[in-house]
Amino acid sequence: MIMSSVYTETLNKLIEELGKLPGVGPKTAERLAFYILKAEPAEAMKLAKAIGDVKNKIKRCEICYNLSEGKVCQICSDKRRDTELICVVEQPKDVIALEKTGTCRWVYHVLGGHIAPLEGVEPSDLTIEQLVKRVRSGNVKEIIMATNPNMAGDGTALYISSLLRDTGVKITRLARGLPTGSTIEYASGKMLTDAITGRQQLQ
Ligand SMILES: [Zn+2]
């Protein structure tokens, strides 16, 4: 902490907390803290409330584990969706990226990450068991694996497909139009649309 003794304890605490945000260095944290200090009380409280609301109101959808403010998310509640198609993604951000293409009529399953034993992420840390249960108990025709096109994403897709092999459900993987090692989150809409159209069956 630089020049910590110059600030009051309270201001110091705010700078410290802001400095934990991604991409915010000590200088930016300091600037933001002074901005908040000078702001109208109502404005500053709006920010505080927005942070509180995000933590208090946003939950996981009971069906697909996407972000939701109710028990079931907007996509799962949408009657026009084809529930026979489940697109499996790592993060809620990937749902947003895929939805932006405007080509998806399916529903999702959000894993909450990828299998990474070296980072301590085991299959049981993800919603894989819930996905298997969902596939076995529902009327599912196809699982579209839209985990990231990198080693961890590929490994996770293969692991899940091995668990579902005996169900007879068709399992596909987004086409390799996406650069290897890239992520769904940062792929362009055109790339994603091509990858969806050209998806191939996983063996
Ligand atoms: Zn849902």
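The values are calculated or read from the model by the stated rules, or taken from the named source; none is laboratory data. On a predicted model such as this, the values are computed, not experimentally measured, just so you know. As a convention, Cβ positions derive from the backbone with ideal geometry for all residues, glycine included, and neighbour counts pool all protein chains shown. Side chains included, ligands, DNA and RNA excluded: accessible areas come from the protein's heavy atoms. Shrake-Rupley method; radii C 1.70, N 1.55, O 1.52, S 1.80 Å.
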query = If you check Val54, Val107, which single one turns out to be under 27 Å from Pro123 (Cβ atoms) and under 20 Å from the mean Cα position of the chain (by Cα)?
reply = Val107
key: Matching residues in region 47-63 - criterion: being surrounded by 12 or more Cβ atoms within 10 Å (Cβ to Cβ) and of a type outside the set (A, V, I, L, M)   = Lys59, Arg60, Cys61, Glu62
key: Residues being open to solvent by 60 Å² or more (accessible area, probe 1.4 Å), within 12 Å of the ligand (Cβ to nearest atom) and either assigned to a loop (DSSP other than H, G, I, E, B) or not hydroxyl-bearing (Ser, Thr, Tyr) (or both) - total across region 64-96   = 4
query = within 30 Å of Asp154 (Cβ to Cβ), among the small types (Gly, Ala, Ser) and surrounded by 15 or more Cβ atoms within 10 Å (Cβ to Cβ): does that describe Ala29?
reply = no
Where Ala42 falls short, out of the listed (1) open to solvent by less than 90 Å² (accessible area, probe 1.4 Å); (2) within 16 Å of the ligand (Cβ to nearest atom) = (2)
key: Matching residues, region 68-95, being among the aliphatic types (A, V, I, L, M) and free of Cβ contacts under 8 Å to residues at least 40 places away in the same chain   = Val72, Ile75, Val95
